[in-house]
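This report concerns only the one structure given below.
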Amino acid sequence: MNLLSALGDGLVIARRNLIKLKRVPDVLVFVLLSPIMFVLLFAYVFGSAIDIPGGSYREFLMGGIFGQTVVFGATFTGAGLAEDMQKGIIDRFRSLPMSRAAVVLGRTASDVIYNIITLTVMAITGLIVGWRIRGSLLDALAGFLLLLLFAYSVSWIMALLGLSVPSPEVLNNASFIVIFPMTFIANTFVPAESLPAVLRVFAEWNPISSLVQAVRELFGNIPPGAPEPASWPLQNPVIYTVFWSCLIIAVFAPLAVRRYVRVAKKS
Amino acid sequence: MKDIIQATGLVKRYGDVVALDGLDLSVREGTIVALLGPNGAGKTTAVSVLTTLIEPDEGSATVAGVDVLGDPAEVRKLIGLSGQYAAVDKDLTGFENLDMIGCLYHLGRKKARSRARELLDRFDLADAADRPVKTYSGGMRRRLDLAGALVAESPVLFLDEPTTGLDLISRRELWRLIRTLVDQGATLLLTTQYLEEADRLADDVLVIDKGKTIAHGTVDELKDMVGGERIGIKVTDRDDLPAVNEILGRVAVGELQREERSRTVVAPVSGGARELAAVLQAFEDHQLRISEAVLRRPTLDDVFLALTGASAESREQTPESAKPGRRGRGSR
């Protein structure tokens, strides 16, 4: 009963967040335009700079851009919550007989929809600039699902962060300090093997690396002559990524909901 | 009639600021009670406690027989709240806002929709129903916010300064709407800084100062305490003040308020316009030069002067520190 009403109320909040896609230009830019920019930028600026024997660097890059974009996109969850908490509407929510988890649940849910739109836009842009899915369609679908799952888990970290900062600006600044190294010290744009020793170990165990590796495999974007990865996570990227996603959700979802209830009570 | 809102000894502190200092209140079913007081008197804090938004440090309260601290979830099913800052989503349309609130009250999709349309009609927002709220005027936003409190036809309504910051026309419109609510059987607790608003709407008034009730009664009882209308005189020449004081002193039913610096004297009177005319005639006879003469109703300021000997303005705490809510969040 409790879970059911939480899901129902969460859905109402999610619907409200999605309406904003049409009305708030910032959201539209974030969800639609910045992914297009990322693909074009990386494809044309970096894509032609590096030669990969037996493959195309542009195709190698796409997996990285997918991974990076959905992780960056999670900050949107946090910023959205931080913004909600500043506004009068939160007082309304708090006085209504709705589930205490709904605001956070609804936010993370609507961000899944945002991510689906973002990924679709990126895939189309990618196809236009020459990226191809070379594996089976089913594998490709699995690749997109994996991206969504991982993004959903990072959303919960950002939700907790968003409820702990005084304003959306603080969230954006704080989260980028973490997210930039996390997405760059990985195999997103260069093979993990080419990094210096310490960074290489970090990159190999970084779940963002395994996500990107998994996506590349599922899209069939690993060049045929590429060397087998040396580390376990990159050899079993799908399992490793799913494991991390579940772990993050299990830890951060309860923390974020508890944080919301506490913030709601104290202020 | 039974008490539908009941609070005893509510205390709430924010650091050194005492927002509520042992507040007691009770509201009978089917009546409108106004909490009257200046900024920072604790009105919003009191409403926040009763609507489960904040927990008091001490004291207890029940709404419709349900313990506010013990079962806040149950209380939320029974109340409607309209806040001081219009608590609506400005990116959503009026309809979408009310529809969302209806769904969150668990009315069901269909009922939520029809209720939203019904309220938009009743609050004269039907034409703007499908426009984003950010295009609304201040008065329209307040009306929508008030409509939000009514979505579930809750038996107990809380309106926190429903007309603060509105122009006179919007205010009158809102008063008209609020009065119709009680005709339909709701119980209403409203906070206000305006004596006139309490006068227009409330059956009972609690005057609040520094987190405590300092007077309780009907508006008429309160007015008897405060005296009737006021004559306010401003002289051109400060030297005329003693003579003006003397003339006003003869007609005043209470103590004169004198302000040397602004060269004004205010006298509570009982005779209205007739008395004003007589006073002006007397000034004329004594060749006193008057720059302003007004006859006005008592204000919150007059109530506070009568009850505490200090003006409402001087009782104001800094609103930033005394008010709960979003502003306080950054400090943690």
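The values are calculated or read from the model by the stated rules, or taken from the named source; none is laboratory data. Worth saying up front: this structure is predicted, and the values here are computed from it rather than measured. Using ideal geometry, Cβ is built from the backbone for each residue, glycine included, and neighbour counts are taken over all protein chains shown.
Against the criterion of being within 30 Å of B:Asp302 (Cβ to Cβ) and crowded, with 20+ Cβ neighbours inside 10 Å, B:Ala202 qualifies. Taking the numbered list (1) within 14 Å of another protein chain (Cβ to nearest Cβ); (2) touching a helix residue (DSSP H, G or I) at 6+ places or on another chain (Cβ under 6 Å); (3) free of Cβ contacts under 8 Å to residues at least 40 places away in the same chain in turn, B:Trp175 passes all entries but (1).
Here the helices (runs of 4 or more DSSP H) wholly within region A:136-254 that include at least 3 residues being surrounded by fewer than 16 Cβ atoms within 10 Å (Cβ to Cβ) and either within 14 Å of chain B (Cβ to nearest Cβ) or among the aromatic types (Phe, Trp, Tyr) (or both) are A:168-184.
The one condition from (1) more than 14 Å from chain A (Cβ to nearest Cβ); (2) polar (S, T, N, Q); (3) assigned to a helix (DSSP H, G or I) that B:Asn97 does not meet is (1). If you scan region B:279-302, which residues turn out to be farther than 15 Å from B:Gly232 by Cβ, exposed (fewer than 15 other Cβ atoms within 10 Å of the Cβ) and of a type outside the set (D, E, K, R)? If the condition is that a residue be farther than 15 Å from B:Gly232 by Cβ, exposed (fewer than 15 other Cβ atoms within 10 Å of the Cβ) and of a type outside the set (D, E, K, R), then B:Gln281, B:His286, B:Gln287 are the ones that fit.
Only one of the listed residues (A:Gly88, A:Gly106) is more than 21 Å from the chain's Cα centre (by Cα), buried (at least 17 other Cβ atoms within 10 Å of the Cβ), within 22 Å of A:Val165 (Cα to Cα) and not β-branched (Val, Ile, Thr). That residue is A:Gly88.
Against the criterion of being assigned by TED's automatic domain parsing to the domain that holds B:Thr213 and over 26 Å from B:Leu201 (Cα atoms), B:Leu107 qualifies.
The rows are residues; the columns are (1) within 14 Å of chain B (Cβ to nearest Cβ); (2) touching a helix residue (DSSP H, G or I) at 6+ places or on another chain (Cβ under 6 Å); (3) within 26 Å of A:Glu169 (Cβ to Cβ).
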| position | (1), (2), (3) |
| --- | --- |
| A:Leu7 | yes, no, no |
| A:Gly10 | yes, yes, no |
| A:Asn17 | yes, yes, yes |
| A:Leu33 | no, no, yes |
| A:Leu40 | no, no, no |
| A:Val45 | no, no, no |
| A:Leu81 | yes, yes, yes |
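Condition check for A:Arg259 on (1) on the phi < 0 side of the Ramachandran plot; (2) away from chain B (no Cβ under 14 Å); (3) in contact (Cβ under 8 Å) with a residue 60 or more places away in the chain: one failure, at (2). Against the test of being under 24 Å from the mean Cα position of the chain (by Cα), crowded, with 24+ Cβ neighbours inside 10 Å and among the aliphatic types (A, V, I, L, M), the options B:Val18, B:Val88 yield a single qualifying residue, B:Val88. Among the residues in region B:92-115, are any surrounded by fewer than 24 Cβ atoms within 10 Å (Cβ to Cβ), touching a Pro at 6+ places or on another chain (Cβ under 9 Å) and of a type in the set (D, E, K, R)? Yes: region B:92-115 contains one or more residues that are surrounded by fewer than 24 Cβ atoms within 10 Å (Cβ to Cβ), touching a Pro at 6+ places or on another chain (Cβ under 9 Å) and of a type in the set (D, E, K, R).
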